[in-house]
């Protein structure tokens, strides 16, 4: 159980940063730049994932923790991209 707790403890901040980045993108950017900017948010999330994992003392389970973080990021970005497409198309 401690392994799953550690996995979520390292993934949730990354997921939160992605959501914040997407909200800022939508709030400050024009609809024309939303979709081209999504990979930039994803790249930042990947760098943040590496930073969080390298900062931990224990390297046990590194691949699993990174897999959970990156999988969550991909799901969040896919859902946000779909919502952006629908929003931009209706505007």
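Just so it is clear, none of the values below were taken in a lab; they were calculated from the coordinates. Since the structure is predicted, the reported quantities are computational estimates derived from the model, not experimental observations.
Stretching the chain fully between residue 86 and residue 58 yields a gain of 5.8 nm (0.36 nm per residue, less the alpha carbon separation).
Distance between the C-alpha centres of the range 57-91 and the range 13-32: 12 Å, rounded to the whole angstrom. Contact order, relative form, for the chain: 44 percent (alpha carbon pairs under 8 Å, 6 or more residues apart, mean separation divided by residue count).
Of the options (i) 14.8; (ii) 6.6; (iii) 5.9, only one is mean projected area of the Cα convex hull in nm² as computed from these coordinates, and that is (iii).
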